[in-house]
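A short write-up of the structure that comes next.
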Amino acid sequence: MASKLKRVTLDYEPRQWQSEVHGAKKRFNVLALHRRAGKTELAIMELIDDAIQCELEMAMFAYLAPFFNQAKTIAWARLKSRLAPLEEAGAVEIREGDSTVIFKHNGAIIRIFGGDKPDAMRGLRIDGIVIDEVAQIKAEVWYDIIQPATSDRHGWALFIGTPNGVNLFSQLYYKGLKDPAWQCSLWDVYSTEAIDVDEISRLRADMPPNSFNREYLCDFSAQSDDALMSLNEVMVSMDKMLTKEDVAGSAKILGVDVARYGGDRCCIFPRQGLIAYKPKIYLGIDNMTFAGHVADAINKWKPDMVCIDAGRGEGVIDRLRQLGHVIIEVNFGGKPMDTHYVNKRSEMWDAIRLWMERGGMLPDIEELKVDLCAPTYSYGNAQNKFQLESKDKLKARGLPSPDLADALALTFVYPSPPKAQLAFNGAVIDHGRGRKSTGDYDPLDRA
């Protein structure tokens, strides 16, 4: 006698915005959503739907939150609740021990992970993953672990979260806006209809504007009040339209930052007056090889001044001097020219901000946006002086070392008054200023 099949419903009726997102899904998807929009519910149902329909052998789907306990509390509880009818019908096995659901008809798996234990995902093959609260996920978790795990079977990824300044989430969001292969959308509190209008009015009146704009309007530029540079300021500088002719009379300065650790980047950043050109970036390179690249850049561009971080650049500096180049050795922790600042690094970074206000042009590079907008500043030190957030504190917040921005800062070792000339070790440096801006000229690639 044939067995009777039981129809089971999971009782999910998506809101209008959820339906649009489900229908527009691509391989890579970035969704900026306000608090209490229903993003976790959407994510869980996307995982369930794909797991049920998947015909791949040993399919693996995953949900990742910044912390494993957070994922267990939020997503695991909801996932089990949604799948209760299927468990009752004997269609799935729910395993508490490793937070895993197994679909018996095809062997597909949904498993919960935490960003605080990323090594648990190493070596897995992932056919689809939801990454929740992406702003709190370290970039290397995506680039070094998850993305490779999706590559062999072209697994999909759904990045969801609420904006929180400049980080992996903002980087992926702006990348997605430019790439037609990505689905990228923003849903603020007025577009989802998830919260009634009276409550929205109460929240707006009760919260600081920056907080409301960030949490409910999904404004990536609504950073904390102690951020040195805003995303809007940086993006304006990246939209400038200057040419090399506009700064022809200005000093050419090369800033060189040498990697501190294996995951950091070596960077050569050329700047002339109001134009900062596209930098050269190197990862996993030894000092002698990097010194060769710097020497090549000096020979091609013939800068008036070359400034190198002395913290990890001693070998690079020594080699370049051996080759006959004049180098300015800069100690980030050294004494600033202006006693308003606690150290030289703080002074140089604030000089970038002031240069942008005067119309400085930046190359449009996502990594540079993150580098420039990430650090905060404070006066909370014994001297009550301006102090930029350290690299170590940035890394503790899950942000990368701002190597590109440090290299740019090294081009601001000395102030550049208009039309002034400064003689340094026999090199005459013209500090004229330009007027407009374009990023199509790469001085380090010039023959």
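The values are calculated or read from the model by the stated rules, or taken from the named source; none is laboratory data. Predicted, not measured: the structure shown is a model, and the values here were computed from it. Positions of Cβ are backbone-derived with ideal geometry, glycine not excepted, and every protein chain shown enters the neighbour counts.
Residues in the stretch 339-373 that are over 21 Å from the mean Cα position of the chain (by Cα) and of a type in the set (F, W, Y): Y341, W355. Within the stretch 360-405, the set of residues being farther than 19 Å from Q223 by Cα, surrounded by fewer than 18 Cβ atoms within 10 Å (Cβ to Cβ) and small (G, A, S) comprises G380, A382.
Only a single item in (1) under 23 Å from the mean Cα position of the chain (by Cα); (2) over 22 Å from A194 (Cα atoms); (3) surrounded by 23 or more Cβ atoms within 10 Å (Cβ to Cβ) is not met by Q70, and it is number (3). Reported count of residues in the stretch 384-434, each being outside any strand (DSSP E or B) and modelled with pLDDT of 85 or more, is 22. For the stretch 119-127, check the following and say yes or no: at least one residue is buried (at least 18 other Cβ atoms within 10 Å of the Cβ), within 17 Å of the chain's Cα centre (by Cα) and either under 29 Å from D264 (Cβ atoms) or assigned by TED's automatic domain parsing to the domain that holds Q387 (or both). No, every residue in the stretch 119-127 fails to be buried (at least 18 other Cβ atoms within 10 Å of the Cβ), within 17 Å of the chain's Cα centre (by Cα) and either under 29 Å from D264 (Cβ atoms) or assigned by TED's automatic domain parsing to the domain that holds Q387 (or both). The set of residues from the stretch 277-332 being farther than 27 Å from I365 by Cα and among the small types (G, A, S) comprises G315, G324. Are there any helices (runs of 4 or more DSSP H) wholly within the stretch 111-194 with 3 or more residues that are in contact with a Cys (Cβ under 8 Å, 6 or more places away or on another chain), and if so which? By residue number, 168-178. Within the span defined as the stretch 20-34, one or more residues are over 28 Å from G398 (Cβ atoms), in a helix (DSSP H, G or I) and of a type outside the set (D, E). Selection over the stretch 8-24 of residues that are surrounded by 15 or more Cβ atoms within 10 Å (Cβ to Cβ) and among the charged types (D, E, K, R) gives a count of 1.
Every residue in the stretch 371-383 that is touching a Pro at 6+ places or on another chain (Cβ under 8 Å) and either assigned to a helix (DSSP H, G or I) or among the small types (G, A, S) (or both), please. Residues satisfying the conditions are D371, L372, A374. Based on what the data block shows, is E140 exposed (fewer than 15 other Cβ atoms within 10 Å of the Cβ) and within 18 Å of the chain's Cα centre (by Cα)? Yes; evaluated as a whole, the condition is true for this residue. With A108, A65 as the choices, which residue is among the hydrophobic types (A, V, I, L, M, F, W, C), surrounded by 21 or more Cβ atoms within 10 Å (Cβ to Cβ) and under 23 Å from Y173 (Cα atoms)? So the residue among A108, A65 that is among the hydrophobic types (A, V, I, L, M, F, W, C), surrounded by 21 or more Cβ atoms within 10 Å (Cβ to Cβ) and under 23 Å from Y173 (Cα atoms) is A65.
Only one of the numbered conditions (1) in contact with a Phe, Trp or Tyr (Cβ under 9 Å, 6 or more places away or on another chain); (2) within 19 Å of K280 (Cα to Cα) is violated by D350, and that is (2). The listed residues are I160, I137, I112, I94, and the only one of them that is modelled with pLDDT under 95 and assigned by TED's automatic domain parsing to the domain that holds L56 turns out to be I137.
Helices (runs of 4 or more DSSP H) fully within the stretch 195-311 that include at least 3 residues being within 27 Å of the chain's Cα centre (by Cα), in contact (Cβ under 8 Å) with a residue 12 or more places away in the chain and crowded, with 22+ Cβ neighbours inside 10 Å: 231-238.
Which of the following residues is over 23 Å from Q183 (Cβ atoms), in contact (Cβ under 8 Å) with a residue 12 or more places away in the chain and touching a Gly at 6+ places or on another chain (Cβ under 6 Å): F103, F68?
F68
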